[in-house]
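Below is one structure; the comments refer to it alone.
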């Protein structure tokens, strides 16, 4: 049985465009049916398509990935998966944008040493970048909160518009649907405010 070429692509939920990675896989002759695509974070390897890919890999196959950060972003996880695929499954890995990370070429001890060293450095950089992104996000949220930015949906309030449509609705002049449309509110929000509005008035 011939050895097969497989491709693995990962895009985050924020960046849905896998076209560039897909093109690079086709250029090295990988069939579309042998390309596995995950659209999720690279924090770990518990990804549906990646796990399916691993199930298909056989000794002598070659796995192509566009770049190391598309493979994963956690240093320990990257090294563990690399070891599993190359040593346990005996499958070669080719990182397309980093020629030194090509286990089909560097089989001698010096080549393996260089490849391992580059892998260590790049996996560390991938994790550092992930931590930087998380830190920037956290700092951005802290600054926004300090400046009074509210996260989540704004709290619905009883306004003059609501009071007006409520009065007409209660008098039977308009339907609830019309009242919601005029107040620009969803059903649940409208009835929540009706309850809030009626409670203090009912206790009088």
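The values are calculated or read from the model by the stated rules, or taken from the named source; none is laboratory data. Computed from a prediction, not measured in an experiment: that's the story for all the values here. Virtual Cβ from ideal backbone geometry, glycine too; neighbours counted across all protein chains shown.
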**OP:** Confirm whether residue 59 is in a helix (DSSP H, G or I) and either crowded, with 19+ Cβ neighbours inside 10 Å or more than 19 Å from the chain's Cα centre (by Cα) (or both).
**Re:** no
Within segment 104-121, residues surrounded by 15 or more Cβ atoms within 10 Å (Cβ to Cβ) and modelled with pLDDT under 70 come out as 106, 115
Taking residue 67 as the residue in question, decide whether it is at pLDDT below 80 and surrounded by 15 or more Cβ atoms within 10 Å (Cβ to Cβ).
-> no
Taking segment 1-15 and the residues there that are part of a strand (DSSP E or B) and within 16 Å of the chain's Cα centre (by Cα), the one that is modelled with the lowest pLDDT would be 11
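Okay, residues lined up against (1) in contact with a strand residue (DSSP E or B) (Cβ under 6 Å, 6 or more places away or on another chain); (2) in the same structural domain as residue 125 (by TED's automatic domain parsing); (3) farther than 19 Å from residue 117 by Cα; (4) not in a loop (DSSP other than H, G, I, E, B):
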site	(1), (2), (3), (4)
17	no, yes, yes, no
26	no, yes, yes, yes
38	yes, yes, yes, yes
50	yes, yes, yes, yes
76	no, yes, no, yes
79	no, yes, no, yes
83	no, yes, no, yes
93	yes, yes, no, yes
